[in-house]
Amino acid sequence: MAVCARLCGVGQSRRCRRRQRQNQQDQGSDSDMDEEEEERIVGQRQGDVGGGGPESGVATAGPSDACEYGSGHVNRRGCGEPSHTGPPHPQSLADLPPELLVEIFSLLPGTALPNVALVCKKFKQILSTETIWRRRCIEEFGMKDDLRKMEVGGVSSQDLYVKLLHPYRHILGLWQPDIGPYGGLLNVVVDGLFIIGWMYLPPHDPRVEDPMRRRPLFRIHMWESKKATVECMYGHKGPHKGDIQTVKKDEFSTKCNQTDHHRMPGGRQEEFRTWLEEEWGRTLEEIFHEHMQELILMKFIYTSQYDNCLTYRRIYLPPPMPTDLLQPGLFKGTYGSHGLEIVMLSFHETSARATKLTGDPNVPAGQLTLDVDLSRPVVLPDLEQQRNIEELSRLVLGIQEEVQREAEEQAKGTSATVRGAAKGACGSSSAAEGMEADHGASSDSCLPGPSSTTTSPPEAQPFILPLEVTARNEVYPRTCRECFYGTGLIAGHGFTSPERTPGLFVLFDQDRFGFIWLELKSFSLYSRLTDHLAHAHAPNMERFEAMLRNMQSWTS
């Protein structure tokens, strides 16, 4: 009886009472009335505690009442029988009302919905609700008011997701086109009711701080039919038929099916003049440097061969870390007669690296153009001495000699290095710490020099270029925050005889930095690319570093 009462929650059940009465009949007891009276009192107390009434979720039990265990509501006909006094509790997901199922299914990723539709006819019917697919388009691909236009035009949100957004989701993000040494930057985005591949072009030389220029290369839409349509946007005659093929993971190709749309009535000469105005913002007659004219003609001839078919490889933005010297990302930089190029700045423990996304015949795209040692800061002299290239060379070359000496000692493993390690530094007796102190012999402390781990940015200091150093952009910041020793990659035409030469990395602010190439006596100014780039960040640092290694192999 106690167990039954505990399960039901409102005293003893009638079946238990009947069994007790049979046992007590010979005694002529009137306990039946006592028990029923007690049950009524207990039931009333139970209802008082729960607030009373069916709305409180706890029913009041009377002489003929008992509860149904596990159902959560009162059964007035006895335990184990269904109750009809309130709405039945759903036994499965299919018993839920349609409006609640719509809300639940709207929270699932779109890739899971086809499997849900296979469960039963009810689920399949509910999954035809536009609310579900409209929410998936908004949350997964950022589409908003444009969905209403598609629905008015006869294209449902479900068709848009199933036939356009989902099949082409793998090409969203950043890509590098395979155009020999020149490379490039393609950003594929959901733009309104289209998926568009935008080619990002640097501003005209030498206006490095101007915004990027964008040119559409292809687009995919569902305006003209119930299936996705690919169009090539290259040329000057408007959109025309194209095709997109997935080559392999993280690689796809585009093909134009109507290359006659790329041709101009005036022939190659008119095409070159139009390309030159778009690419450089000037005519060939305005470019007086003969070597620069040759480079421009070479690029036009080479890149025009890829106007009908291109292959793209996925690239990622570096994941930001709290210890980074500045926010990593993409920057535009001046490269002498080669014009402006795009580099990717990333941080790797005590080094900063700038990798080319666009390149030139000397140093192609994908190569490491700058390698900065953040553990070797350079303290600039006063302004008068900064004007002297010899003073700057003395500072930078002194650090280079130190780096080379340490590298030779580490490679040879000489006894002198071992003895220096045994001596230790700052009371340390381990060989590793001794070598670390040896490497930092130029400072008076065993702690590393200023790096990206500083909690507050250093104060700005005056900066000016040496008189002998040339700069494409004379408008550069006259104050800087920090300077570090680094090397820049130079090579002959065709990437012949590449070598790393010393230079000075100059951090101006969070959006600008520069590099002085001592051997070339030139200065490159870099300015951040501020465009919002969705689907672009690497999932982790290991994936990003693997991509960098692959980029170098593409053009080596």
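The values are calculated or read from the model by the stated rules, or taken from the named source; none is laboratory data. All values derive from a computational prediction rather than experimental measurement. Note that each Cβ is placed from the backbone with ideal geometry, even for glycine, and that neighbours are counted across all protein chains shown. Side chains included, ligands, DNA and RNA excluded: accessible areas come from the protein's heavy atoms. Shrake-Rupley method; radii C 1.70, N 1.55, O 1.52, S 1.80 Å.
Couple of notes before you dig in:
- Within-11-Å neighbourhood charge of R500 [Cβ basis; K, R +1; D, E -1]: -3
- Peptides 359-371, 472-484 ranked from most to least packed by the mean count of surrounding Cβ atoms within 10 Å: 359-371, 472-484.
- Residue-normalised accessible area of the range 259-368, expressed per residue, 1.4 Å probe, Å²: 43 Å²
- Shown is the FRET efficiency for R394 and V475, computed with R0 = 25 Å from the Cβ-Cβ distance and rounded to the nearest 0.05: 0.35.
- Alpha-carbon centroids, the range 234-285 and the range 315-349: separation in whole Å: 28 Å
- Descending semi-axes in whole angstrom, ellipsoid equivalent of the range 257-300, from the Cα gyration tensor: 23, 10, 8
- Structural size metrics of the range 244-384, computed from C-alpha coordinates, are Rg and Dmax of 19.8, 62 Å.
- In sequence order, calculated HN-Hα J values of the range 269-275 (Karplus, 6.51, -1.76, 1.60; Hz; x Gly/Pro): 5, 5, 4, 5, 4, 5, 4
- Rounded FRET efficiency, nearest 0.05, which uses the C-beta distance separating T111 from K226 and R0 of 22 Å: 0.55
- Within-10-Å neighbourhood charge of P458 [Cβ basis; K, R +1; D, E -1]: -1
- Portion, in percent, of the accessible area of the range 304-383 that falls on carbon or sulfur, probe 1.4 Å: 51 percent
- In nm, spacing of pseudo-spin labels at T274 and E294 (7 Å Cα→C-beta vector): 2.9 nm
- Candidate lysines - alpha carbon under 23 Å from K144, same-chain residues fewer than 8 apart omitted: K163, K226, K227
- Accessible carbon and sulfur surface of the range 493-556 relative to its total accessible area, %, 1.4 Å: 47 percent
- All-pairs Cα distance distribution in the range 464-533, expressed in whole percent, bin size 10 Å: 19, 46, 28, 8
- Accessible surface of the range 170-299 [probe 1.4 Å, protein heavy atoms]: carbon and sulfur percent: 51 percent
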